[in-house]
Amino acid sequence: MIIAIDGPAGSGKSTIARMLAKRLDFRYLDTGAMYRALTWKAMQKGVNLEDENALCRLMDETTIEFQGKDKNLNVFVDGNNVTREIRLPAITNNIHYISNKPGVRQRMVKLQQKLAATGNTVAEGRDMGSVVFPNAERKFFLDADIEERAKRRYAEFKPSHKEVFYADVIKDIETRDMRDTTRNNSPLVKGSDAIYINTTKLTIEEVFNMMLKEIEAIIHK
């Protein structure tokens with residue numbers, strides 16, 4: 001079984017996806033981390049982020065793996081644990097170069113499908129239901145007002161990044177929203193068969209319970 005969760009930054013999809021995977025004992029597939037991982041390697045190798053052919057070659061010779069589960073899930077690139085490194089601002093600011101390349105996305109989609117083929121999976125990202133897993137048993141699209149999404153991200157960043165300002169966070173989310181929804185290849189869209197949930201005024205537990213109910217309706221069908 002595949003549960004596909006899409007939505008913009010700060011909508012709560014990563015937190016909910018982890019919770020659902022733990023509750024259902026499913027694999028958690030963080031597809032955003034995969035693009036971050038390749039971005040990290042490209043920057044380490046000094047690859048031109050505008051050169052699609054070079055990025056595709058890099059992808060072909062790169063191994064991206066997940067080890068562990070729940071909060072202890074780690075991301076490995078060619079055997080190296082890069083879980084912390086791929087969350088740095090420099091990676092966040094450059095990931096769009098990688099995610100905008102059709103050739104790279106095609107390779108990522110194949111890898112994501114291969115990983116999910118090994119067992120029940122909760123996959124979250126930007127094009128899970130629309131492109132990667134069009135036949136997923138349940139599709140969700142999580143959303144929230146941009147101010148609320150910015151507040152959540154700001155709360156995440158503030159403890160470890162003292163120089164982060166709320167105005168910068170909301171500007172960053174606006175930029176990411178624009179890039180995600182307007183790119184030519186696999187843009188962020190809500191599919192007609194996806195269950196839409198606006199999480200602005202809902203607690204994590206409320207969203208989790210709503211989604212779990214929808215999933216269990218299929219499991220026990």
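The values are calculated or read from the model by the stated rules, or taken from the named source; none is laboratory data. This is a predicted model, so every value here is computed, not measured. Virtual Cβ from ideal backbone geometry, glycine too; neighbours counted across all protein chains shown.
Identify all residues within region 107-146 that are of a type in the set (D, E, K, R), under 18 Å from Ser14 (Cα atoms) and over 14 Å from the mean Cα position of the chain (by Cα); write none if there are none. It would help to see each step written out before you state the result.
Going residue by residue through region 107-146, those that are of a type in the set (D, E, K, R) are 107, 110, 114, 124, 126-127, 137-139, 143, 145.
Checking the rest, the ones that are also under 18 Å from Ser14 (Cα atoms) come to 124, 126-127, 138-139, 143, 145.
Within region 107-146, Arg138, Lys139, Asp145 meet the criteria.
Taking the condition of being part of a helix (DSSP H, G or I) and of a type in the set (A, V, I, L, M), how many residues in region 65-118 meet it?
Within region 65-118, the subset part of a helix (DSSP H, G or I) is 70-72, 85-87, 89-99, 102-116.
Adding the requirement that they be of a type in the set (A, V, I, L, M) leaves 86, 90-91, 95, 98, 104, 108-109, 111, 115-116.
Total satisfying the criteria: 11.
If the requirement is being over 20 Å from Glu148 (Cβ atoms) and either of a type in the set (Phe, Trp, Tyr) or touching a strand residue (DSSP E or B) at 6+ places or on another chain (Cβ under 6 Å) (or both), which of these qualifies: Ile215, Ile219, Ile195? Write out each step before concluding.
Details: Ile219 fails: either of a type in the set (Phe, Trp, Tyr) or touching a strand residue (DSSP E or B) at 6+ places or on another chain (Cβ under 6 Å) (or both); Ile195 fails: over 20 Å from Glu148 (Cβ atoms).
Every option except Ile215 fails the conditions.
When you look at Ile64, is it outside the structural domain of Glu50 (by TED's automatic domain parsing) and over 14 Å from the mean Cα position of the chain (by Cα), yes or no? Full working, then the answer.
Values: outside the structural domain of Glu50 (by TED's automatic domain parsing): no; over 14 Å from the mean Cα position of the chain (by Cα): yes.
So Ile64 fails the test.
Quick one: how many residues across region 79-94 are closer than 20 Å to Ile173 by Cα, out of contact with any helix residue (DSSP H, G or I) (no Cβ under 8 Å at 6 or more places or on another chain) and either crowded, with 17+ Cβ neighbours inside 10 Å or of a type outside the set (S, T, N, Q) (or both)? Spell out the reasoning first.
Restricting attention to region 79-94, the residues satisfying the condition of being closer than 20 Å to Ile173 by Cα are 86-94.
So of that shortlist, the ones also out of contact with any helix residue (DSSP H, G or I) (no Cβ under 8 Å at 6 or more places or on another chain) come out as 88-89, 93.
So of that shortlist, the ones also either crowded, with 17+ Cβ neighbours inside 10 Å or of a type outside the set (S, T, N, Q) (or both) come out as 88-89.
Total satisfying the criteria: 2.
Select from region 16-68 the residues that are of a type in the set (S, T, N, Q) and surrounded by fewer than 16 Cβ atoms within 10 Å (Cβ to Cβ) and list them in ascending order.
From region 16-68, those of a type in the set (S, T, N, Q) are 31, 39, 44, 48, 53, 62-63, 67; that's our starting set.
Matches in region 16-68: Gln44, Asn48, Asn53, Thr63, Gln67.
Could you check region 199-213 and list, in sequence order, the residues that are surrounded by fewer than 15 Cβ atoms within 10 Å (Cβ to Cβ) and either among the basic types (Lys, Arg) or in contact (Cβ under 8 Å) with a residue 24 or more places away in the chain (or both)?
Filtering region 199-213 down to residues surrounded by fewer than 15 Cβ atoms within 10 Å (Cβ to Cβ) leaves 200-201, 203-206, 209, 213.
Listed by number, the residues that qualify are Thr200, Lys201, Ile204, Lys213.
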